[in-house]
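Below: one structure, written as structure tokens.
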Amino acid sequence: MPLEARISRKDFIILLCATIVIFLFGRLMDRGSVRKGYSATSDTTELQSLIEKASDTLDEIVLTRDYNIEDTIHLRSNITLRGSLPNAGTHITANKKAAGKYMFSGNSVENVKLINITFDLNFAGQQVDFHGREGSPVTNIIVEDCVFKQLGRLCRGLAVDYHYPRSATTTDYNRNIIVKNCVFDGAGAKGKRHGSLELAIFSNCRFLNITQCTFQNVPAEKDAGLAIYGYCRDVEIKANRFLSNVSDMYIQQATSVIVENNYFGSQVRIKDSRLVSLRNNGVRNLQIIDFDSEAFDTHPSLYRGSKEIIISNNRINTKANSWDQKKRGKAKPIDAIEIMLHNNIANMPKDIEISSNQVTCSAAFVNMKGMRSDSKDYIDNLKIWNNSVIKTSAVATRGIIELHINSNVPNQGLNSCSIIGNSVAESQLPWDLLVTPSGVKNL
């Protein structure tokens, strides 16, 4: 009897399905199955091999086991690396031999996705790094549902940066960067001896979106949970949480930044940036800092003074929390918003609007301070409108709004300042203006 006559159609379909399942299972096992006896060397080699193959075939790599690596994994364009395990995804851990080396490195790559992976730097390895160059930037990067922890000395968790000549401005940007629902944990981490620790840092990026992430356990004031540096523009930072940090976020030399619906438990610093909008956030302390040519090796001709800054509809509460008191002892009263002027050149902050915020503060609500005697320009167009302020304690010699201006130098001071419609739940004057008449125009 012919073979086809002895096999029913039902049996044939079952046999065909079983063959397909065995084939697909074999491919999956080949990509990342758990096999005993794997060393850090073989893990590193296997993971790199998977990436090379996927880059050629445009495949998605599904990691079905954890990896222990001892050398840098080099990312390629057009790949998706996805963890498949529960409990914060597939774990990729840096071996002690990886000390001082990047865990992952992607130079001028495009179309890369890292999803559901825990990067354990093990206090040894360095960051997951995407690096663009003039003419070959990083583009279309997605980092989602990932964890970055146990950061070592001299490293970050995630870095998207850009190499450009110090003598010239950039003509291109890293583009279309999305970081979503990730956790950056600085517990146990240490910054540089003469530098700072950033859990995540971005420079020279355009169309950067950071949303629903957690940045926690930043150990020092010079550090930052999130750092936006060097000519980033068109940035959205939304619905993130910053927990148990000494310093939450630092924005420097950026343009067109929207910061909305975040919770900041500590300090937010804005330096020499333009078109920055902070709306509907919970904040403890805000600093607007002008350019200090003695402190930073940057391009001073481009960004001098923060301009067009809007701080609106935020909840600002400077009261120290229990974590603060544990770390710092008895916390001293701090100002809600500080405009810190260290400038010894022209072009200082302009067009700053502080409006419709709900503020609880133990010291000043707004404190503009630090103008040096050799400054050459006015702080132009400061608006403090319709804020609701509750002062929790009376501090001697401290007002609600303090504008400290050195008026000994001609043509410097404060131009066009308006303080309108603010309500203050205290018996003092609504502000204390510490300035001589020659230092203010159009108040």
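The values are calculated or read from the model by the stated rules, or taken from the named source; none is laboratory data. Remember, predicted model here, so these are calculated numbers, not experimental data. Positions of Cβ are backbone-derived with ideal geometry, glycine not excepted, and every protein chain shown enters the neighbour counts.
Listing for the model above:
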{"read-out": "Every residue from the stretch 94-119 that is touching a strand residue (DSSP E or B) at 6+ places or on another chain (Cβ under 8 Å), within 15 Å of Thr41 (Cα to Cα) and in a loop (DSSP other than H, G, I, E, B)", "value": "Asn95, Lys101"}
{"read-out": "Residues being part of a loop (DSSP other than H, G, I, E, B) and either touching an Asp or Glu at 6+ places or on another chain (Cβ under 6 Å) or of a type in the set (A, V, I, L, M, F, W, C) (or both) - total across the stretch 215-231", "value": "3"}
{"read-out": "Answer residue from the stretch 288-309, given it is part of a strand (DSSP E or B) and surrounded by 18 or more Cβ atoms within 10 Å (Cβ to Cβ) and is modelled with the highest pLDDT among those", "value": "Ile309"}
{"read-out": "Filtered residue count, the stretch 84-102, keeping only those that are surrounded by fewer than 20 Cβ atoms within 10 Å (Cβ to Cβ) and in contact with a Lys or Arg (Cβ under 8 Å, 6 or more places away or on another chain)", "value": "1"}
{"read-out": "Where Ala159 falls short, out of the listed (1) part of a strand (DSSP E or B); (2) more than 15 Å from Asn209 (Cα to Cα); (3) of a type outside the set (Phe, Trp, Tyr)", "value": "(2)"}
{"read-out": "Those residues of the stretch 327-366 which are surrounded by fewer than 24 Cβ atoms within 10 Å (Cβ to Cβ), among the polar types (S, T, N, Q) and at pLDDT below 85, in sequence order", "value": "Asn344, Asn347, Ser362"}
{"read-out": "Subset of the stretch 125-156 (residues that are part of a loop (DSSP other than H, G, I, E, B) and touching a Ser or Thr at 6+ places or on another chain (Cβ under 9 Å))", "value": "Gly125, Glu134, Gly135, Pro137, Val138, Cys146, Gln150"}
{"read-out": "Number of the condition not met by Val268 [criteria: (1) within 14 Å of the chain's Cα centre (by Cα); (2) over 25 Å from Lys149 (Cα atoms); (3) modelled with pLDDT under 95]", "value": "(2)"}
{"read-out": "Candidate set: the stretch 113-141, residues that are over 19 Å from the mean Cα position of the chain (by Cα) and surrounded by fewer than 20 Cβ atoms within 10 Å (Cβ to Cβ); chosen: the one farthest from Gly152 (Cα to Cα)", "value": "Gly135"}
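Table: residues versus (1) modelled with pLDDT under 70; (2) assigned to a helix (DSSP H, G or I); (3) of a type in the set (Val, Ile, Thr); (4) surrounded by 14 or more Cβ atoms within 10 Å (Cβ to Cβ).
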| site | (1), (2), (3), (4) |
| --- | --- |
| Ile14 | no, yes, yes, no |
| Arg27 | yes, yes, no, no |
| Arg35 | yes, no, no, no |
| Leu47 | no, yes, no, yes |
| Glu52 | no, yes, no, no |
| Asn68 | no, no, no, yes |
| Asp71 | no, no, no, yes |
| Ser77 | no, no, no, yes |
| Arg82 | no, no, no, yes |
